[in-house]
Amino acid sequence: MGTRQLKQQAQAHLAQALNQLKAKLAPLGFDQRKAVAEQALLRQISVEKSNAEKGVSVLGTIASIAPFVGLFGTVWGIFHALVAVGKSGQAGLAQVATPVGEALIMTGLGLAVAIPAVLAYNICVRFNRTLSNELQDQAHGLLIDTMLQQDSTLKVENQATQKSLVGGQA
């Protein structure tokens, strides 16, 4: 799933979580409504952040380990070069070239895996941080809208109740 789709889906889930609560918020007082809505939004933000962070730790691990795999390949190649020199008794290009070439290829492969993995990891972390901030902003907006709607609904109901009472009768 692309980043734009993930962001839209997360924002839709956030709005949906609050919409499911609106009917339950009506009988509560203002402070209780606010607390319940905040907790629902925080819970949904946590769920969305967890979904967005799936696989990022694996990517970070690959980025961290790949240079060491390349280094191991380098050591292995140099070891084979030294074994070849020991068997032949002469340190010539023919005995050293192939194992050292293999060592350099392993080093290159380790870096070829590590560099893109580090870049991808950094992009994912930056996206997750941005998504978290955007979800917080949207949650604040939804909370304000919900509290204002609930508050205005209660005021209209109170005014209607007061107008229906005739001559101060309760």
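The values are calculated or read from the model by the stated rules, or taken from the named source; none is laboratory data. A quick note: this is a predicted structure, and the numbers were derived from the prediction, not measured. A quick note on method: Cβ atoms are made from the backbone with ideal geometry, for glycine too, and the neighbour counts reach across all protein chains shown. These area figures cover heavy atoms from the full protein model, side chains too; ligands, DNA and RNA do not enter into them. Shrake-Rupley method; radii C 1.70, N 1.55, O 1.52, S 1.80 Å.
Separation of region 39-76 from region 99-146 is 8 Å, based on Cα centroids. Near Val56: Cβ cut-off under 15 Å, other residues only, Lys/Arg at +1 and Asp/Glu at -1. The net charge is +2.
Compute the long axis of helix 93-164 from its Cα atoms, compare it with the longest principal axis of the Cα atoms of the chain, and write down the angle in degrees, 0 to 90, nearest 10. Once rounded, the angle reads 0 degrees. Per residue of the chain, the DSSP helices (runs of n ≥ 4 H) give a summed -39500 (n - 2.57) that works out to -32500 deg cm²/dmol at 222 nm. Note on Thr98: accessible area approximately 90 square angstrom, rounded to 10, probe 1.4 Å, nucleic acids and ligands left out. Given a 1.4 Å probe and the protein chains as shown, Ile144 ends up with an accessible area of around 100 Å². Counting heavy atoms of the protein chains alone, Lys24 has an accessible area of about 140 Å² for a 1.4 Å probe.
Carbon and sulfur: what percent of region 53-148's accessible surface (1.4 Å probe)? Answer for region 53-148 is 73 percent, counting heavy atoms of protein chains only.
Rolling a 1.4 Å probe over the heavy atoms of the protein chains gives the chain an accessible area of 67 Å² per residue.
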